[in-house]
Amino acid sequence: KIIKDEVGVEVVLETPPDVKFGDYAWPCFDLKDKEEVASGLAKNELFSDVKEVGGYINFFVKPEKLFGGILEGVNEKYGEGESGSGKEIVLEYSSPNTNKPQHIGHLRNNFLGDSLARIFKSQGFKVNKVQIINDRGIHIMKSLLMYMKKGDGKSPKDLKMKGDHFVGHFYNMYEDSYEEEARGLLRKWESGDKEVRKVWKMLNDWVYEGWEETYKDQGVSFDKLYYESDIYDKGKEIVLESDVFSKNEDGSIEVDLTDEGLDKKVVIRADGTSIYITQDLYLAELRAKDYPKASKFLYVVGDAQQYHFKALFGTLEKLGFKKNLVHVWYGQVKLGEGKKMSSRAGNAVDADELVGEVLRLAKKQEIGLGAIRYYILHIDPKKDITYDSGKALSFEGNTGPYIMYAYARGRSILRKSEGGEADYSSLGELLERELVLLIEKFPLVVGRASEEYDPALVANYLYELAQVFSSFYHKFVVKDNPSRVKLVRSVCEVLKNGCGLLGIEVLDEM
C-alpha cells in the first residue's frame, strides 16, 4: 500500500507479520527521531494509535475509517483493475493432438489457460483465446493407419464411444513394426491422396465432436482455432526468403542462435520437410496479422518445450518480429509414486474419466469440477503435480471444497441475519481487523497473478481468507451486528469473485 505524507512524499506501507502489531507498518530504518515522528502522526484523526517498533512505525487505523474505507468498496467488481486497459493479448493454450482423448496433463493446461484468461480480463485486457490443433503428422497417421487396417468401417456410435476415445482406441493398437507404413501414409497425405484425406478428415471430425463435449464439461472455450494442416508447410517460404538462415552441405537449412546462448537449429530437414519451429514461425506472423493490436502473445505449453520456444523467439527476433512473446510453462502431472504419464505407455489418466469419477464422488457437478480445478490451480504452475482425487475432494485443508464451503457458510449466516446500518466503530477485534485487511489485499493479489501468470496466488489467497473467516464465524455472533453482517457479505463477495477467476462456481448451500 502506498500513501503520501503531509509533504507529498510517497510512503510504502507493509502489513505487519501479526495484526496485533498494527494494521500497517512503515519501514523507516534510516529515519531519525522515529519516536517524535510517531508521536506527531498519532495526532492524525485517521489513527487510533501509532507506535515506533524497531525500524518501523506501526499504525492502527480507527475502526470507522479502516472498515468503512475497505468494506464500502467491495462489490461484484471488486478485484478488477486497469493495468490492461486498452491492451490486447493473444493467449494460446490446450492445443492437443487429434489421435487420442485428452488426459490430466491437458486438464492442467486447459485450466491454467482458462484461469489466466479470466484474470487478464479482470485487469482490463482484451483477451483472445486461441489454440493450434495438431491434426497432422506421424502421430496422427498412426491412429489413421490402424483404423484403415482394423476399423472395418465402424464409427464411434457402433461401439458406443466418444469420438476421441474411439480414435484413441486405434492409436493404442499401433506398434513400432508399422513405422514404415505410417510414414508411407504420411507421404500420401502430404501429396493430397483423396482416400487418405477422406478417412483422415472423418477421424478428425470424430475427435472434434468428442473434444467439444470434453471442453464443455471442463468449462473451457476458445475464440479462434488454427489447424496445423493449414499452415504446416507455410513456414518454408519465410525460411527460403530470408538471409537469416543458411544452407548446409546436406541440403538442410538452419539458423545460428549461438549469440542467443543456444545452438544452430535446423528449420528444414535435408529431405525438404519442415519441423514444428518452421510452422510456428508462420503461425506467429499469421496471428500478428489476425490480431494487429495485440501487444503480447502468450503460449501456455509444458516445461518440456522450453528450448523450443527459446529457439522460436530467438529466430523471430532475428527476423525482426517486434511483438512481445512469452512462454508460460508449467510442470508435469504425475501419478502416485511420482510416475509421469504417457498415452502410449497406457498409464495416462483420461481427462473424461477423471472428471466423471470426481463428479460421481462429489455427487454434485459444481463441487466436483471446482475440486479438480482448485487442486490443479492452487499449485505453483512451475512445480510438478502428483494427482490425488481424495485430497482434491477433501473438505479439510487447502482444497476447493473447503473454499466453497466457506462461501456457503457465509451465505447461510447472511440468510439468518437482519440488515441495518453499519456502525464500523463497533468493530476492531483482532480477527475482525485481520479479516478486513485480507479483504483489502485481494485486488493486489489479482494484479500480481496477472503480472506473474500465476493463478495459484489467487487460490492460496482464498484459502487464507477462508481460514481466517472460519475462525471469525466460530468466535463471533453476526446476526445482531449490521457491521459484522457487512463484513461477512464482503468476505462472500471476495470468495465468489476469486473463485470466478479460477473458473469455480460457488454454491449458496452445500
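Computed values, structure above
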read-out	value
Point-to-point label distance, LYS126-ARG183, nm (Cα→Cβ direction, 7 Å offset)	4.7
Nearest 10 degrees, 0 to 90: helix 400-415 Cα axis against the chain principal axis	40
Entries in LYS188/LYS383; LYS34/LYS496; LYS441/LYS479 that, when Cα-Cα distance is taken, lie over 31 Å	LYS188/LYS383; LYS34/LYS496
Helix axis angle, 179-190 relative to the chain longest principal axis, alpha carbon, degrees	90
Accessible area (Å², per residue) of the chain, counting only protein heavy atoms and a probe of 1.4 Å	48
Relative packing of peptides 389-402, 485-498, 174-187 - highest average C-beta neighbours within 10 Å first	485-498, 389-402, 174-187
Counting DSSP beta bridges with both ends in the chain, the antiparallel % (nearest 5)	55
Sorted peptide list for 93-100, 447-454, criterion being average Cβ within 10 angstrom, highest first	93-100, 447-454
Förster radius 60 Å - calculated FRET efficiency between LYS198 and ASP380, Cβ distance, rounded to 0.05	0.85
Angle in degrees between helix 430-452 and the longest Cα principal axis of the chain, rounded to the nearest 10	30
Difference of contour (0.36 nm per residue) and Cα-Cα distance, SER48 to MET173	37.6 nm
Candidate values (i) 399; (ii) 187; (iii) 130, label of the one derived for volume of the Cα convex hull per residue in Å³	(ii)
Taking the stretch 309-442 and dividing mean pair separation by its residue count, relative contact order in percent (alpha carbons under 8 Å, at least six apart)	20
Relative packing of 296-307, 409-420, which averages over residues the other C-beta atoms within 10 Å, highest first	296-307, 409-420
LYS160-GLU396 pseudo-label distance in nm [points 7 Å out on the Cα-to-Cβ vector]	4.0
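The values are calculated or read from the model by the stated rules, or taken from the named source; none is laboratory data. Keep in mind that this is a model prediction, so the values were computed, not measured. Here the Cβ is made from the backbone with ideal geometry for all residues, glycine too, and neighbour counts use every protein chain on show. All accessible areas refer to the heavy atoms of the entire protein, side chains included, with ligands and DNA or RNA removed. Shrake-Rupley method; radii C 1.70, N 1.55, O 1.52, S 1.80 Å.
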